[in-house]
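What follows is one structure encoded as structure tokens, with my remarks underneath.
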Amino acid sequence: MTDVSISRLCKTYPGQGTPASDDVSLDIADGEFLVLLGPSGCGKTTLMRMVAGLELADSGRVIVGGRDITYLPPRERNLSMVFQSYAVFPHRTVADNIAFGLRMRGVDREVVARKVAWAADLLQLGPYLQRYPAQLSGGQRQRVAVARAIVVDADLLLMDEPLSNLDALLRLSFRAELKKLVSEIGTTTLYVTHDQVEALSLGDRVAVMRDGRIIQCDQPMTVYDDPATEFVGSFLGSPPMNFLSGRVHGSNGSTQVDLGGLHLPAPSRLASYAGREVRLGVRPETIAVSREGDPGASPSTVSVFEPLGSAVLITAELAGQELKVAAPASFRASPGERLWLTLAPERMRWYDPETGSALELAP
Ligand SMILES: Nc1ncnc2c1ncn2[C@@H]1O[C@H](COP(=O)(O)OP(=O)(O)OP(=O)(O)O)[C@@H](O)[C@H]1O
Ligand SMILES: [Mg+2]
């Protein structure tokens, strides 16, 4: 059993005013693939380095498989790590690089050879086994670092942006390979990325970080569909969630939201916010678009039309506020054209304009 319990980890680098890790707590189940997602500088690497023992926490605890490792030196933690800057040994061949951790652990020669061949095959490094890192591309070097990390039977696998140096196509195929691989080896994994697509694709759960804190940690589609804050809604999704400002009205048992003159039906659960300003969050792909004034649809004016290949993206003005709508690839529109938009009530999300947090609504 290698479950991980990170509790209340704090870390402020000397001379820095704000903490890089601000009271972070996170539990990872045995065999789980947990993705840490957040913008540059939010503290992802810092958290990972504290788990690895490369950085000392100011306070807090890290328990791995029931063992308190908070103050253990890195080599006593039995973790395997792929660094953000792929650290491979320049004077060892690819094969020796991959075998390094196994040899350190005194693993049998035959097993080493078999595991090296397995990892090299998986990461398409077979043709390069006798080369030195200087003779490889950045992406190949990064794959060597991943191969080296996955061959050892570590309790916990830590990966810090292992795909960041791969080109788009390789990244895509490698992502799928990695997903297959981790489910096969079943090692508990903490994986860092600032790529939201990668996070959604790979994670059993995704922890979204900002300013040294975890804002939300849940299954990928829950984080995507029900962002806990406006920040999470804007960070996940391309294009991000739309946010419109409005005011709640409730009368005679019907609840509405007034978006600058346009009244949309709102769930009755929002009635307790009557008279208050709210922010309405709605994903671009959940908005239905049509040329006809269907019942319940609201008129909007197209400002930008962008064909994206698999879909089209329409920037439109609705009651004086701009929003983005994703429509099927065959849909056509021109700037200035009037289109009718339907926002499905069950896909609407509600936020506090001051805190940016999701409103607590009665079920
Ligand atoms: N050795 C250090 N000394 C001082 N400040 C540091 C050090 N390492 C990181 N920081 C600061 O701590 C904060 C968190 O950095 P960290 O490297 O953990 O971010 P990150 O989320 O991994 O970002 P990125 O996506 O760019 O890799 C940043 O503000 C950074 O400037
Ligand atoms: Mg980093």
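The values are calculated or read from the model by the stated rules, or taken from the named source; none is laboratory data. The structure presented is a predicted model; accordingly, all values stated were derived computationally and were not measured. Please note: Cβ atoms are built from the backbone with ideal geometry, for glycine as well, and neighbour counts cover all protein chains shown. Accessible surface is based on the protein model in full, side chains and every heavy atom, while ligands, DNA and RNA are left aside. Shrake-Rupley method; radii C 1.70, N 1.55, O 1.52, S 1.80 Å.
Shape index of segment 258-363: Rg/Rh, with Rg the Cα radius of gyration and Rh the Kirkwood radius from the inverse mean 1/r over Cα pairs, equals 0.99.
Taking label points 7 Å from Cα along the Cα-to-Cβ direction, residue 132 and residue 61 give a separation of 4.8 nm. Listed cross-link partners 44/180; 11/44; 115/179 are compared with a 21 Å cut-off, the Cα-Cα value being larger for 44/180. Give the carbon-plus-sulfur fraction of the accessible surface of segment 242-351 in %, rounded to a whole number; probe 1.4 Å, heavy atoms of protein chains only. With neighbouring chains kept in place, the figure for segment 242-351 is 50 percent. Short-range pairs are left out: with C-alpha atoms under 8 Å and at least six residues apart, the relative contact order of the chain is 15 percent. Apolar share of the accessible surface for segment 4-235: 49 percent from carbon plus sulfur atoms, 1.4 Å probe. Packing, as the average of other Cβ atoms within 10 Å across residues, places the peptides 59-65, 152-158, 204-210 in the order 204-210, 152-158, 59-65, highest first. Centre-to-centre separation between the Cα atoms of segment 54-94 and those of segment 102-165: 17 Å.
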